[in-house]
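See below for the structure under consideration.
The values are calculated or read from the model by the stated rules, or taken from the named source; none is laboratory data. What you see is a predicted model, and the numbers here were worked out from it, not measured in a lab. Cβ placement follows ideal geometry from the backbone for every residue including glycine, while neighbour counts extend to all protein chains displayed.
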Amino acid sequence: MSHIQTDSSEVLLSARNLSVRFGGVLAVNNVSFDVRQGEVFTLIGPNGAGKTTVFNLISRIYQPTQGSIEYLGPKGRVVLTEQPPHRIASLGIARTFQNIELFEHATVLQNLLIGRHTHRRTGFWSEALFTQRTRQAEIEAREKVEQVIDFLELQHHRESMVAGLPYGVRKVVELARALCTEPRLLLLDEPSSGLNVEETDDMAFWIADIKNELGISVLMVEHDMSLVSKVSDRVLAMSMGAELATGSPSEVQSHPGVIEAYLGSVDDVSSLRREHAATGRATA
């Protein structure tokens, strides 16, 4: 696959003062963040914190009540919140879902070829008559898909029906389909959800390679703090729709507000630590 040259100091996506309200529920409350080129930026927080809602704002599934999102597309900066949903993939933004969204009764190869639809440049009559241009386009699409198959080591599953694959392999296939769109920004929604420890380690390996070898920026929602610590450059912690802290994984995990959101008050956590220490001494 081609390597994208990136300037790590340049902002790829900038969200400012995002809020979204569903009836009387404020799902996202005045959230701002930047995703720089060539980094893995992760959203963490308890269930219901608003993380996936932020993803849905970027994907244009939801419209923000207030705020805006700017994005550095292939032809310059655009206001993402003014774009129709069908334009998002062609701007270089791809997404995976917590609940796998694949065509189960199609093969892995067929699913990945669908991921090339944003690069289709042939018209109806060209395809109906299967012209030289159409044949060349299909060859190029197949070559790109094969590069992704090799990159994610899916050769053994190329002709397998998705419905018959183990869950962990299907997660990798969904990641592969997203990569087939050749994104500048990859949105990963709970990539380790449903995976065992070994599969989660493999996912960490793929995410690191996507950033380092392909130069693709990653915006991730994730609960597994081990995976977050391994692959994230920066982390934004959310609770009840609002920002708690932004920084490195270690900085955010040690922030009192984050500890309280996950585990209770800081005093409760200190008490638990004292109890664990006392139990350890008693059983030593």
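Observations on the structure shown:
- Across the stretch 41-70, the qualifying residues are those that are charged (D, E, K, R) and surrounded by fewer than 22 Cβ atoms within 10 Å (Cβ to Cβ), and the one among them that is nearest to Asp224 (Cα to Cα) is Arg60.
- Where Arg95 falls short, out of the listed (1) among the basic types (Lys, Arg); (2) over 30 Å from Ser160 (Cα atoms); (3) touching a Leu at 6+ places or on another chain (Cβ under 8 Å): (2)
- One residue stands out among those in the stretch 40-51 that are of a type outside the set (A, V, I, L, M) and touching a strand residue (DSSP E or B) at 6+ places or on another chain (Cβ under 6 Å): the one that is farthest from Gln253 (Cα to Cα), which is Gly50.
Rundown of residues vs (1) in contact with a strand residue (DSSP E or B) (Cβ under 9 Å, 6 or more places away or on another chain); (2) at pLDDT 85 or above; (3) farther than 30 Å from Gly168 by Cβ, yes/no style:
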{"position": "Ala204", "(1), (2), (3)": "no, yes, no"}
{"position": "Ile207", "(1), (2), (3)": "yes, yes, no"}
{"position": "Val221", "(1), (2), (3)": "yes, yes, no"}
{"position": "Gly241", "(1), (2), (3)": "yes, yes, yes"}
{"position": "Leu263", "(1), (2), (3)": "no, no, no"}
{"position": "His276", "(1), (2), (3)": "no, no, yes"}
{"position": "Gly280", "(1), (2), (3)": "no, no, yes"}
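- Filter result for Val231 (of a type outside the set (Ser, Thr, Tyr) and farther than 16 Å from Phe97 by Cα): yes
- Those residues of the stretch 215-239 which are over 13 Å from Gln253 (Cβ atoms), touching a Leu at 6+ places or on another chain (Cβ under 8 Å) and not in a loop (DSSP other than H, G, I, E, B), in sequence order: Ser217, Val218, Leu219, Met220, Val221, Met238
- Near pairs, Cβ below 7 angstrom, 6+ apart or cross-chain, from the stretch 144-165 (touching a residue at least 60 places away in the same chain (Cβ under 8 Å)) to any residue that is of a type in the set (Gly, Ala, Ser): Val148/Ala176; Val162/Ala106
- Residues of the stretch 84-119 classified as of a type in the set (S, T, N, Q) and not in a loop (DSSP other than H, G, I, E, B), total: 5
- Candidate set: the stretch 180-200, residues that are more than 11 Å from Phe97 (Cβ to Cβ) and touching a strand residue (DSSP E or B) at 6+ places or on another chain (Cβ under 7 Å); chosen: the one modelled with the lowest pLDDT: Thr181
- Subset of the stretch 44-72 that is over 18 Å from Leu185 (Cβ atoms) and of a type in the set (A, V, I, L, M, F, W, C) - its residue that is farthest from the chain's Cα centre (by Cα): Ala49
- The single residue among Thr52, Thr42 that is modelled with pLDDT of 95 or more and either assigned to a helix (DSSP H, G or I) or of a type in the set (S, T, N, Q) (or both) turns out to be Thr42.
- Qualifying residue in the stretch 71-83 (condition: at pLDDT below 90 and assigned to a loop (DSSP other than H, G, I, E, B)): yes
- Pick from the stretch 240-263, criterion in a strand (DSSP E or B) and aliphatic (A, V, I, L, M), ranking: surrounded by the most Cβ atoms within 10 Å (Cβ to Cβ): Leu244
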